[in-house]
Amino acid sequence: MTAATKKPRISRQRWTELSLLLFMLPAVIVVVVFVIVPSAWAIIISFTDQSLVGPSAQNPSFIGFDNYVRLFKDDKFWNSLRISFLFVIGSALIGQFVLGLVLAVLLKGSGFVGRVLVGGSVLLAWVVPEIVAAYIWISMLNSRSGAVNQVFTLLGLEEVRWLIDTPLLAIILANIWRGTAFSMLLFSSALETIPDEIYDAAAIDGASGWDKFRFITVPMIRYTILLDIILLTMGTFAVFGLVYALTNGGPLFRSEVMGVYIYRNAFQFRDIGYGSAASVIMLIINLVLAVFYLRFLKVDLK
């Protein structure tokens with residue numbers, strides 16, 4: 001066989017690239033089927049009068065931007081957007097982020113027993129199903145027999161109707177309790193990558209615990225901090241089940257986040273087109289947050 005008739009061999013680098021593509025294929029299929037296709041379909045029907053019942057259920061008509069015009073004129077939409085941002089700020093940025101970081105730092109310096117007890121308790125809240133977590137908090141925040149008000153009574157404090165008078169605070173506390181484990185695990189993994197020798201050298205130089213945290217811990221896990229913030233923001237913005245089970249968006253829409261607003265219009269009022277328009281706005285907000293994160297990270301890397 002001459003050299004001209006030999007079949008070209010695939011290089012090792014080419015085989016590696018093909019193997020990577022093969023391993024990525026299942027994930028790509030899942031993303032396309034469960035993310036891209038539903039998102040594209042929601043965008044399409046947001047320009048129609050699609051409904052669950054009636055003539056437009058089988059034969060929807062194209063109505064252009066009417067759903068979006070109606071959406072931006074709806075005071076309840078702006079209320080749900082405001083509640084969602086307050087929920088994200090209080091639950092994700094102030095609650096889960098700060099508490100997760102504090103727990104990760106404390107667990108790194110604690111003994112084995114303390115790490116098992118505290119870490120296990122936080123993780124238990126994370127693995128509890130969402131609906132079960134909601135009913136746990138409903139029983140705890142019950143205005144008459146709830147555990148929280150019983151503690152208040154023992155301390156001589158006045159009982160609070162949490163789910164009626166302070167519904168937004170109630171869903172914020174419940175979501176902090178349930179979601180802090182994610183930040184704790186993420187920061188714990190990042191802290192394990194910091195060599196102990198750096199802390200030992202700082203201690204020799206007379207650095208306090210706060211100095212070590214400010215000048216060693218935070219700078220060395222800054223990319224993890226950015227990642228945690230954006231994931232918490234996007235994840236909390238999309239919370240639905242916990243809020244719906246706890247307060248159903250009430251009373252008087254005072255805890256109606258965007259997920260509950262979308263569900264109410266799309267499935268309770270059976271206006272799929274209008275609900276899809278609201279979901280598209282929610283998708284755009286998440287995309288803007290993701291782009292902001294990527295831009296911020298790119299600038300930081302430079």
Q.
Can you compute 3J(HN,Hα) from phi for each residue in the stretch 132-140, using the Karplus curve 6.51 cos²θ - 1.76 cosθ + 1.60 with θ = phi - 60°, rounded to whole Hz and x for Gly and Pro?
A. 5, 4, 4, 6, 4, 6, 4, 5, 6
**Q.** Value of relative contact order over the stretch 115-244, rounded to a whole percent, pairs C-alpha under 8 Å and six or more apart
**A.** 28 percent
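Compare the peptides 122-134, 198-210 by average per-residue count of other Cβ atoms within 10 angstrom and give them in order, highest first. Intermediate values should be presented prior to the final figure.
On the way: 122-134: 14.5, 198-210: 11.6.
Ranking, from highest mean packing down: 122-134, 198-210.
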Q.
As an exercise, use a Förster radius of 41 Å and the Cβ-Cβ distance of Leu294 and Ile216 to find the FRET efficiency, rounded to the nearest 0.05.
A. 0.95
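Taking only C-alpha pairs under 8 Å that are 6+ residues apart, what is the relative contact order of the chain in percent?
On the way: 305 pairs, mean separation 87.1, N = 302.
Reported as a whole number, the value is 29 percent.
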Q. Under a Cβ-Cβ cut-off of 15 Å, what is the net charge of the residues other than Val102 that fall near it, where Lys and Arg count +1 and Asp and Glu count -1?
A. +3
Q. What residues qualify as long-range amide H neighbours of Thr48, i.e. H under 5 Å apart, gap of 5 or more or another chain, H built at 1.01 Å from N?
A. Ile63
Q. To the nearest Å, what is the center-to-center distance of the stretch 21-94 and the stretch 231-284, using C-alpha atoms only?
A. 10 Å
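If you put +1 on each Lys and Arg Cβ and -1 on each Asp and Glu Cβ, how big is the dipole of the chain around its Cα centre, in Debye rounded to 20? It would help to have the intermediate numbers written out before the result.
On the way: 23 positive and 19 negative charges, 206 e Å.
My answer is approximately 980 debye.
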Q) Given R₀ = 35 Å, FRET efficiency for Ala238-Lys108 by Cβ-Cβ distance, to 0.05? A) 0.70
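Computed from the coordinates by the stated procedures, all read-outs in this text should not be read as laboratory data. What you are looking at is a predicted structure, and each value in this text was computed from that prediction instead of being measured. Positions of Cβ are backbone-derived with ideal geometry, glycine not excepted, and every protein chain shown enters the neighbour counts.
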